Amino acid sequence: MKISMILRVLFLSGLALGAVLAADEAGVQTSLQGPVLGYVFDAGRQSIRPVNGIPGASHVGLPLALPFPVAAAAFSSRADFGLVVAAQDDYALYLVRNLGAAAPSLELMDRVLGGVDRIVLNSSDTAAALYSSEAQRVQMLRGLPANPLIGPVADLSPLGGKVTALALDRNAAQLLITVSEGGQNGLYLWSAAEADSQPRLLSTFQAPTAVALLNKDQDAVVADAGINQLVLIRRFATSADAFLLAGERDGLANPAGVEASADGRRIFIANAGGRSLYVWNIEAQAVEARLPLDAAPTRLLRFQGQSMFLLNEIGNDPLLLLENAGDAAVYFVPAGRGE
């Protein structure tokens with residue numbers, strides 16, 4: 001392609017993105033739509049909003065047209081469906097398809113836990129763990145999105161304390177649970193494929209805040225904000241051997257989120273204390289990169305495939321996206337002028 005043609009394409013693309021941004025800021029619906037990276041839950045507006053554009057040139061768009069305010073939500077990494085809790089009446093759970101349509105389709109999920117306030121999808125987007133902090137119970141939902149099937153329920157009240165993180169394997173058979181602020185703080189495993197099984201303690205921690213799966217869901221990493229440590233749990237379903245990976249001497253400061261790269265060679269640590277993101281190289285057993293952030297991270301949540309993650313929620317600060325397809329990079333996403 002000639003240089004003049006390339007410049008013309010870039011110029012027209014800029015005009016199109018500008019038109020979409022202007023329409024969003026004015027609160028005007030427009031038929032001119034650019035690429036959508038994914039969808040996020042806006043707790044302040046109790047709504048679902050698209051992230052429009054591409055990494056480095058994106059913004060948070062207008063709320064989707066849903067017939068109810070939203071209390072909680074989770075979305076597939078392909079942005080083709082979501083699970084949404086209505087913030088009204090009995091807090092019903094809906095499977096939402098055709099997210100980009102003028103009127104997304106809604107399917108009521110019967111016989112699920114009441115008061116679900118946390119939803120975690122597995123890496124294949126085929127199952128979800130539904131957690132109710134009020135009922136202190138967790139339930140499996142399998143067969144997503146085509147054939148959703150309600151699964152077993154586990155009572156987490158005997159664990160005491162507060163559930164801080166959940167991680168579900170791709171087979172929807174093993175659920176890792178971190179518990180803090182009371183009871184026996186630590187990492188628990190619920191084998192949902194086993195009838196009448198109860199969560200069992202794998203390892204104690206002071207204040208675990210995040211857990212992530214790696215090595216084909218055989219191992220796990222846990223971030224402990226109580227003593228600023230990152231711990232690897234090998235073969236958690238059998239021997240559950242624990243190894244210290246990193247600590248305060250490596251720069252960990254109030255870790256709020258942790259995730260692994262698709263190849264399992266790197267671990268990403270969101271440091272709320274230092275407003276930074278650390279990239280830990282497992283083979284080298286050292287920090288590979290330190291990325292300063294424009295806001296304190298509150299999480300590391302899968303956003304698009306295995307290569308893009310959310311670092312915080314919509315609020316006063318810009319939305320932060322981590323992309324790790326090559327060298328790790330962080331992009332900020334404005335939520336709109338005046339927000």
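Taking segment 243-259, which residues are in a strand (DSSP E or B) and either in contact with a Gly (Cβ under 7 Å, 6 or more places away or on another chain) or surrounded by 17 or more Cβ atoms within 10 Å (Cβ to Cβ) (or both)?
Those that are in a strand (DSSP E or B) and either in contact with a Gly (Cβ under 7 Å, 6 or more places away or on another chain) or surrounded by 17 or more Cβ atoms within 10 Å (Cβ to Cβ) (or both): 245, 246, 255, 256, 257, 258, 259.
Need pairs with beta-carbon distance below 8 Å; first residue in a strand (DSSP E or B) and within segment 141-168, second among the basic types (Lys, Arg); sequence gap 6+ or separate chains.
Close Cβ pairs (under 8 Å, with a partner that is among the basic types (Lys, Arg)) amount to 149/142; 150/111; 151/142; 153/137; 154/137; 155/137; 163/118; 166/118.
State which residue is modelled with the lowest pLDDT when the search covers only segment 165-187 and only residues that are farther than 19 Å from residue 144 by Cβ and surrounded by fewer than 21 Cβ atoms within 10 Å (Cβ to Cβ).
183
For segment 187-210, give me each residue that is part of a strand (DSSP E or B) and hydrophobic (A, V, I, L, M, F, W, C).
187, 189, 190, 201, 202, 210
Could you please find all residues in segment 131-140 being in a strand (DSSP E or B) and either closer than 17 Å to residue 189 by Cα or acidic (Asp, Glu) (or both)?
Within segment 131-140, 131, 137, 138, 139, 140 meet the criteria.
What number of residues within segment 37-82 satisfy the criterion of being free of Cβ contacts under 8 Å to residues at least 60 places away in the same chain and among the aliphatic types (A, V, I, L, M)?
Of the residues in segment 37-82, 12 are free of Cβ contacts under 8 Å to residues at least 60 places away in the same chain and among the aliphatic types (A, V, I, L, M).
Considering every residue within segment 211-218, establish whether at least one is modelled with pLDDT of 95 or more, part of a loop (DSSP other than H, G, I, E, B) and either more than 23 Å from residue 238 (Cα to Cα) or β-branched (Val, Ile, Thr) (or both).
The answer is no; no qualifying residue exists.
If you go through segment 215-234 one residue at a time, how many are under 16 Å from residue 180 (Cβ atoms), of a type in the set (S, T, N, Q) and under 20 Å from the mean Cα position of the chain (by Cα)?
So the count comes out to 0.
Need the failing condition index for residue 99 against (1) at pLDDT below 95; (2) surrounded by fewer than 19 Cβ atoms within 10 Å (Cβ to Cβ), just the number.
Every condition holds for residue 99 apart from (2).
Residues to consider are 240, 262; find the one that is in contact (Cβ under 8 Å) with a residue 12 or more places away in the chain, of a type in the set (Gly, Ala, Ser) and either surrounded by fewer than 16 Cβ atoms within 10 Å (Cβ to Cβ) or touching a helix residue (DSSP H, G or I) at 6+ places or on another chain (Cβ under 9 Å) (or both).
Residue meeting the stated conditions: 262.
Just the residues that are in a loop (DSSP other than H, G, I, E, B) and farther than 21 Å from residue 320 by Cα, please, taken from segment 52-94.
65, 66, 67, 68, 69, 80, 87, 88, 89, 90, 91, 92
Please pick out the residue among 200, 235 that is modelled with pLDDT of 95 or more, surrounded by fewer than 17 Cβ atoms within 10 Å (Cβ to Cβ) and at positive phi.
Of 200, 235, the one residue that is modelled with pLDDT of 95 or more, surrounded by fewer than 17 Cβ atoms within 10 Å (Cβ to Cβ) and at positive phi is 235.
The values are calculated or read from the model by the stated rules, or taken from the named source; none is laboratory data. Note that the structure is predicted; figures quoted are calculated from it, not measured. Positions of Cβ are generated from backbone atoms using ideal geometry, with glycine treated the same way; all protein chains shown enter the neighbour counts.
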